[in-house]
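The values are calculated or read from the model by the stated rules, or taken from the named source; none is laboratory data. For clarity, every value in this text was computed on a predicted model and none was experimentally measured. All Cβ positions, glycine included, derive from the backbone under ideal geometry; neighbour counts span all protein chains shown. Just the protein is used for accessible areas: all its heavy atoms, side chains included, with ligands, DNA and RNA removed. Shrake-Rupley method; radii C 1.70, N 1.55, O 1.52, S 1.80 Å.
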Amino acid sequence: VCCESWVTWRRRPPRSPRLRLHLLLFAATCLTTFAAGAVGWEPVIAGVDADLAGQVAEHWPRGLFYMVAVMAVLAAHEAGHFVAARLHAIPATLPFFIPIPILLTGTLGAVIGMEGSRASRRQLFDIALAGPLAGLVLAVPCLAAGILIAPADATGPFAMPPVGRWMVAVLRPDLASSGSIKPNAAFMAGWVGMLVTGLNMIPISQLDGGHVSYAIFGRRSCWLARGVLIAAITAIVLLGK
């Protein structure tokens, strides 16, 4: 899943993109997320799996619900950035949704373009946080609904985020010992929203966390980013995770 929720141009303002491109990417992402939900979030490639058409025909309601839910979560995230940028009079584009043919999630998220050089550090802080907060407004209820309707006798391959584990302990204590639940459309929409938010808040470069870090620490934020990268690489080498 793409964790870059907006892109900053510092040398020149972004050109106004054609509405046709936004609509085309939106429609393509709707199609891939619909297919991902219909096949049950399996790592298959659209057009390659022989039974793809049969699965879509059988499980299209699940695909449709997932498509609507996950697109709403991603749109809310980008709308948070867009509205905050406009409130601060910073030029910003409409979101570019990113479809992928690998039907695990059906999307890599979305991005917007923004003329970040015109934003002060205070404005940058507001714009960067507005996206994750807006996305969570929809992602958390989706995750909660998915937990509530999950069957008690089945587990799934998707690890629960910390917030999800707390919600399971409160909403479905009968599932607390399993560590995971069988995915459903609402759960997966919330799960993708949580994943996008978590990755976005890493304090690196063009991620939302990177902009928040720059807004707080200024140029010293580069040392935080380097420290996070070194820690991540060290953990992968030593722990294999």
- Has region 221-231 got at least one residue that is in a helix (DSSP H, G or I) and crowded, with 18+ Cβ neighbours inside 10 Å? yes
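Conditions tested, residue by residue: (1) within 18 Å of the chain's Cα centre (by Cα); (2) open to solvent by less than 40 Å² (accessible area, probe 1.4 Å).
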{"residue": "151", "(1), (2)": "no, no"}
{"residue": "159", "(1), (2)": "yes, no"}
{"residue": "163", "(1), (2)": "yes, no"}
{"residue": "172", "(1), (2)": "no, yes"}
{"residue": "175", "(1), (2)": "no, yes"}
{"residue": "185", "(1), (2)": "yes, yes"}
{"residue": "193", "(1), (2)": "yes, yes"}
{"residue": "202", "(1), (2)": "yes, no"}
- Task: Starting from region 215-241, keep only residues that are within 13 Å of residue 204 (Cα to Cα), then list their pairs with residues that are of a type in the set (S, T, N, Q) and surrounded by 11 or more Cβ atoms within 10 Å (Cβ to Cβ) whose Cβ atoms are within a distance under 6 Å, requiring at least 6 positions of separation or different chains.
- Result: 221/213; 224/213
